[in-house]
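Rule-based calculations on the coordinates, nothing more; no lab input. Keep in mind that this is a model prediction, so the values were computed, not measured. Note that each Cβ is placed from the backbone with ideal geometry, even for glycine, and that neighbours are counted across all protein chains shown.
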Amino acid sequence: MALMPISISIGVLCGLWFFITTQVAWLVAWVGYAAWASFYFAGGNKDALSKSIAANLAGMIQGALFFWSWKELGGGSMLLLSAWIGVFCFVMTIEGNIKMLSAIPAQFVGAAVFFGNLGAHQGLITDTLINTAVCMVIGNCAGILSATAPGWFKAKSEEEAAVKNA
């Protein structure tokens with residue numbers, strides 16, 4: 001039952017995040033959940049927060065650049081699209097050599113979430129970037145909160161046990 005404390009933390013916070021997104025139409029639940037998952041992939045700790053956010057944002061920006069360039073430079077060609085996807089995937093992977101972008105899957109998550117969220121903003125790149133960035137930063141912050149919250153209760157339990165045993 002080692003996962004019980006974090007499971008409770010994640011369950012409560014995921015429910016809260018979903019409820020918030022039902023009240024604030026501009027927030028998108030699944031975008032936050034994707035960022036949350038990339039936070040845990042990046043290590044699920046204090047250092048992971050900045051790595052995950054940086055990689056998510058880099059992926060989003062590269063996704064936006066990809067979309068813009070594809071539209072402007074021959075949006076109908078599947079051959080061009082395939083080659084361009086290869087170039088962008090190469091770039092996102094090679095950037096893993098940069099410490100802040102070393103959570104390579106988090107870059108792919110950022111790009112994929114940008115594309116997934118693009119339709120909700122009628123293909124408007126700037127609106128999609130802003131909305132996706134806000135929701136992804138919130139998701140990453142929820143990740144660090146869910147990772148640290150179980151420790152708050154553990155510390156209290158240990159203190160209470162020490163007081164009872166004294």
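Within the chain, which DSSP H helices have Cα atoms that stretch 20 Å or more along the helix axis and a mean Kyte-Doolittle hydropathy of at least -1.0?
4-23, 46-72, 78-94, 104-118, 125-165
Given a 10 angstrom Cα cut-off, can you work out which residue in ALA120, ALA103, ALA55 is the most mobile in a GNM of the chain?
Evaluated over the chain, the most mobile residue of the options is ALA120.
Using only the Cα atoms of the stretch 90-154, build the gyration tensor, take square roots of its eigenvalues as a ≥ b ≥ c, and label the shape rounded, prolate or oblate: rounded if a/c is under 1.5, else prolate if a/b is larger than b/c, else oblate. Mind dumping the intermediate values first?
Working: a/c = 3.35, a/b = 1.34, b/c = 2.50.
Verdict is oblate for the stretch 90-154.
If the chain between MET4 and SER69 were fully stretched, how many nm would it gain, using 0.36 nm times the residue separation less the Cα-Cα distance?
Numbers: separation 65, 0.36 × 65 = 23.40 nm, distance 4.64 nm.
Gain on stretching MET4 to SER69: 18.8 nm.
Would you kindly calculate the mean projected area, averaged across all directions, of the convex hull enclosing the Cα atoms of the chain, in square nanometres?
If I average the Cα hull's projected area over directions, I get 12.0 nm².
Which of GLY139, GLY119, GLY110 moves the most in a Gaussian network model of the chain with Cα springs under 10 Å?
GLY119
Take LEU81, LEU57 and order them by how many other Cβ atoms sit within 10 Å, fewest up front. Show your work: numbers first, answer last.
Numbers: LEU81 14, LEU57 22.
Starting with the residue having the fewest Cβ neighbours, the order is LEU81, LEU57.
Determine the relative contact order of the chain: mean sequence separation of Cα pairs under 8 Å and six or more apart, normalised by residue count, in whole percent.
The normalised contact order for the chain reaches 36 percent.
When the chain is modelled as a GNM with alpha-carbon springs shorter than 10 Å, which of ASN131, ASN97, ASN45 fluctuates the most?
ASN97
Can you tell me how the stretch 55-113 classifies by the Cα gyration tensor, rounded, prolate or oblate, using a/c under 1.5 as the rounded cut?
prolate
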